[in-house]
Amino acid sequence: MSLFDRLRRRLAPADRTDHVEMTSAERRFGRSCPVCGGLLGKPASQDLDAGKYRQLPALRLEVQASIRPGQFHWRLSYVDGNPFDTTSDVPPTEVAFEYLLCGNGHIFPSDTPMYHNGRQQPARPAESWSMVAAVGPTGSGKTYLMLRTLRQSLVNEKFYGASDPARMHKIELTPLEEVPMRVRGSHYSRTLSEGAPIPATNLDLEGTPYGILRELMPDLVDEIQRIIRETVVNGPAHAQTWGRGSRQPLVIRTATGGEPIWTGVSDLPGELFTERNEFRSENTNLRLYDALVWVVDPVIADGGDGIIRNSATRHSYADVMDGNLRPGSLATIDADQIRAKRNNVQLRLGELLAGHGGKWTSKRSTTQSLAIAVNKCDLIHASLDGHLPKEWQEDGTVHLGVVKYLMETATRLSRGDCTADSGAAALLTLILGDHNAQQEWRIERARAVAIDLLRHYADPDRFWNLVHVGAEDEVRGDTARGQFPWLLRVPSIGDHLDTSLNPATGAKLLARDLVMSALGSGIVCGLGHVDAVHTILTKTNVDLRFFLCSPLATVPVATQLAGQAALAPLDPDKSFPRVNERSAALTQLLMVMLGKARAWHQ
């Protein structure tokens with residue numbers, strides 16, 4: 001009996017309509033894929049007359065442990081209980097990993113053993129899904145940023161007390177889950193060893209479900225395409241495009257007290273945000289993500305040329321510019337043309353994220369996290385000399401951006417729209433004063449705090465400590481200049497991490513995040529996004545934070561190695577960091593990206 005005949009035989013009149021009651025797969029995995037919206041736990045509706053599925057069905061994939069690297073045996077079946085299955089000869093007793101493939105091929109773990117510190121724990125399905133999207137223009141360093149951020153440790157290396165068994169920890173990924181991270185990790189290793197830049201995240205098949213499975217199990221892909229051709233309405237067309245849309249996300253799996261949480265990060269290509277790709281599904285689905293990371297590239301922004309000139313010696317200016325646009329970019333195209341084209345995308349991203357009622361705007365009843373990450377802050381660090389840059393001075397664009405963030409955040413705190421730790425709450429309350437305080441008085445206080453923050457972090461060592469080193473710091477009002485007295489202790493990144501992972505305090509605005517976001521808000525405004533920042537700050541359904549990031553931890557410069565364009569540190573005494581080396585801003589950013597996972601345990 002053919003596959004077509006078996007499918008037609010099992011369909012009954014009751015199946016003419018979509019399923020109403022939730023199946024066990026729906027209860028466990030949800031009805032639709034968190035990446036693309038395709039079917040996941042929900043059975044596909046059926047066309048009885050045609051004897052076929054109306055939609056691409058979700059599939060269950062069982063995989064045997066690899067006999068040799070790259071050689072997997074598998075069994076494939078339907079999620080909805082259809083008795084049909086197909087196999088590449090894997091005995092049931094030898095199944096090592098079980099996955100669900102959504103209708104468009106995205107891969108999710110099912111009853112798979114969890115591993116923590118090398119020890120196998122009982123097989124448990126993920127109890128909650130969380131999706132994060134990273135958006136930004138081409139060449140913004142987004143892939144470096146996402147890889148280094150996801151590889152940040154959740155362990156405070158400087159804590160010597162007894163470990164807390166309830167503390168959130170990472171779970172080792174399964175073979176198919178780890179592929180996107182492993183591929184990017186190998187690219188990063190080549191940056192360290194050969195200076196080879198990570199390839200651009202483009203719109204080809206690398207990293208898509210089709211690309212991953214075609215490389216590891218090509219016979220499985222052939223079988224899936226055959227099933228689709230035979231059992232789905234308009235099957236040949238669907239089979240041709242299956243698995244070729246949205247990329248498989250980068251995955252981080254965490255657990256607290258044995259409850260696993262799955263967080264996927266879609267590293268979206270910069271080309272998606274050009275006008276010709278405006279209506280691709282990845283764009284229209286952005287409102288469905290639990291968190292968004294908007295990566296801002298200072299090099300391409302208005303004033304970016306000045307940042308390069310201030311951070312590079314005269315003889316290295318062109319190489320620093322080339323290294324930060326992507327090595328080899330300037331071989332055929334003028335730097336100003338590249339910067340203008342990419343900045344148009346960056347400015348448009350800000351406008352769309354700030355828009356009210358647009359297709360990118362979150363329409364959910366729950367709050368969506370938005371992290372604005374200023375990348376390549378090693379350049380800003382190198383440009384500082386201890387004096388206030390022109391844009392940082394009083395009433396400059398950066399100063400007013402800091403003021404805006406402080407005022408909006410203080411107002412949110414007073415309304416009860418957010419909570420803060422004792423240090424952040426004390427400073428914000430000091431700005432607002434009591435309920436009788438006049439608005440002009442409050443603004444003057446915010447202006448004073450803002451200029452004190454900017455004077456403090458105009459010192460390159462203090463700025464770099466905030467961005468990368470993460471040691472404890474103190475910021476205080478400059479009473480010698482007539483400012484009112486205030487003091488804020490900025491905890492070390494280790495203490496910040498402990499507080500973030502504490503269920504009692506993790507949801508609060510912490511002092512380190514307050515300082516990072518205030519300074520970041522000003523810098524983003526100074527890069528030409530004043531309207532976007534001011535508009536997003538007023539949105540009640542968006543939790544906005546800013547981060548000052550440097551994945552490479554030193555200024556890169558374009559060079560030539562073995563005849564190929566390559567990256568090297570501008571400072572010959574520096575080196576690029578290990579992929580998992582601690583970076584303060586990246587650890588803080590990871591806490592936002594794991595916001596839903598942390599909230600699950602609070």
Which value, in Å² rounded to 10, gives the accessible area of Phe463 with a 1.4 Å probe and all protein chains present?
0 Å²
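Can you divide the C-alpha Rg of region 364-551 by 2.2 N^0.38 Å and report the result to two decimal places? It would help to have the intermediate numbers written out before the result.
Working: Rg = 15.6 Å, N = 188, 2.2 N^0.38 = 16.1 Å.
The reported ratio for this selection is 0.97.
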By accessible area of protein heavy atoms, probe 1.4 Å, what ranking do Phe546, Phe72 get, highest first?
Phe72, Phe546
Mind checking region 422-503 for GluC sites (Glu not before Pro) that DSSP puts in a loop (not H, G, I, E or B) and that have at most 16 other Cβ atoms within 10 Å?
Glu472
Leaving out ligands, DNA and RNA, what percent of the accessible area of region 364-551 is carbon and sulfur, probe 1.4 Å?
48 percent
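Between Asp417 and Asp571, what length in nm is gained on full extension when 0.36 nm per residue of separation is reduced by their alpha carbon distance? Display every interim value, and only then the final one.
Details: separation 154, 0.36 × 154 = 55.44 nm, distance 4.52 nm.
Separation in residues times 0.36 nm, less the Cα-Cα distance, equals 50.9 nm.
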A 19 angstrom limit on the alpha carbon distance is what I want to check against. Which of Lys404/Lys539; Lys390/Lys574; Lys170/Lys508; Lys508/Lys596 exceed it?
Lys390/Lys574; Lys170/Lys508
Computed from the beta carbon distance with a Förster radius of 60 Å, FRET efficiency for His387 and Asp49 to the nearest 0.05 stands at 0.20
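State the antiparallel share, in %, of DSSP beta bridges confined to region 364-551, rounding to the nearest 5.
Working: 4 of 12 bridges.
Roughly 35 percent of the beta bridges in region 364-551 run antiparallel, per DSSP.
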Excluding ligands and nucleic acids, what accessible area in Å² is computed for Thr540 using a 1.4 Å probe, to the nearest 10?
110 Å²
What whole number of Å gives the distance from the Cα centroid of region 486-508 to the Cα centroid of region 530-554?
19 Å
Tell me whether region 418-516 comes out rounded, prolate or oblate; compute the Cα gyration tensor, take square roots of the eigenvalues as a ≥ b ≥ c, and use a/c under 1.5 as the rounded threshold.
oblate
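So, by mean Cβ neighbours within 10 angstrom, what's the order for 561-572, 38-49, 581-592, 424-435 with the highest one leading? Kindly include the intermediate steps, with their values, before the conclusion.
Details: 561-572: 15.2, 38-49: 20.2, 581-592: 23.8, 424-435: 17.0.
Result, highest mean Cβ count within 10 Å first: 581-592, 38-49, 424-435, 561-572.
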Average accessible surface area per residue within region 364-551, 1.4 Å rolling probe, Å²:
39 Å²
Taking Leu145, Leu413, Leu288 and ranking on accessible area (1.4 Å, protein atoms only), highest first, one gets Leu288, Leu413, Leu145
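The values are calculated or read from the model by the stated rules, or taken from the named source; none is laboratory data. All values reported here derive from a predicted model rather than from experimental measurement. Here the Cβ is made from the backbone with ideal geometry for all residues, glycine too, and neighbour counts use every protein chain on show. Accessible surface areas use protein heavy atoms only, side chains included; no ligands, DNA or RNA. Shrake-Rupley method; radii C 1.70, N 1.55, O 1.52, S 1.80 Å.
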